[in-house]
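A.B. asks: Dropping a structure here in structure tokens format, bear with me for questions.
Laboratory data are not the source of any read-out in this text; all were calculated from the coordinates shown. Since the structure is predicted, the reported quantities are computational estimates derived from the model, not experimental observations. Here the Cβ positions follow ideal geometry from the backbone for every residue, glycine too, while neighbour counts run over all protein chains shown.
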Amino acid sequence: MDEDHTEKALTLLSSWVAGETEIVLPSLWVYEVGNIVGRKSGERAEEIMALLLDYRFPEARTDAGHLMATLDLMRRHGVTFYDASYHAVALKAGGTFVTADDAYVRRAGNAGHVVSLKDLVFPFASALRQLEVDPPSKNN
């Protein structure tokens, strides 16, 4: 898959593997990623999905509070419920939603806790300081 800023995404993943950052996803991530991988990866789709599943990314608990925060972001910023779900996870965790979707950042950026992947600076902690957001603690 040739996504823009793949190197930055892989650096973020490496940072997570090294325990330098936290990644928490809404449970729907596997369906969204599976859709993309299935459509764009041809015969390698199963291999790529297995690799991604092996990471065992932590998933945020979906509860009424999360769903209401997601709905609020969707309505206030004119974004999809799916995308707002990732943002709501970041807001609840006090983290930062990193996305390759620049249109989302333009629409919902004023809600805070969101940055475009292309604007992410490493090391990741420095990027969070530049955004004036405290990194989430390991206890969240």
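A.B. asks: Can you compute the FRET efficiency between LYS118 and ALA64 using 1/(1 + (r/R0)^6), with r the Cβ-Cβ distance and R0 = 41 Å? Round to the nearest 0.05.
C.D. replies: Once rounded, the FRET efficiency stands at 0.75.
A.B. asks: At what distance in nm do the modelled label points of ASP102 and ILE23 sit from each other, each positioned 7 Å from its Cα along Cα→Cβ?
C.D. replies: Result: 2.3 nm between the two label points.
A.B. asks: If packing is taken as the average count of other Cβ atoms within 10 Å, what order do 35-42, 113-120, 6-13, 68-75 fall into, highest mean first?
C.D. replies: 113-120, 68-75, 6-13, 35-42
A.B. asks: Over all directions, average the projected area of the Cα convex hull of segment 1-86 and note it in nm².
C.D. replies: About 6.6 nm², averaged over all directions.
A.B. asks: Sort the following peptides by mean Cβ neighbour count (other Cβ atoms within 10 Å, averaged over residues), highest first: 17-25, 91-99.
C.D. replies: Per-residue Cβ counts within 10 Å, averaged per peptide and sorted highest first, yield 91-99, 17-25.
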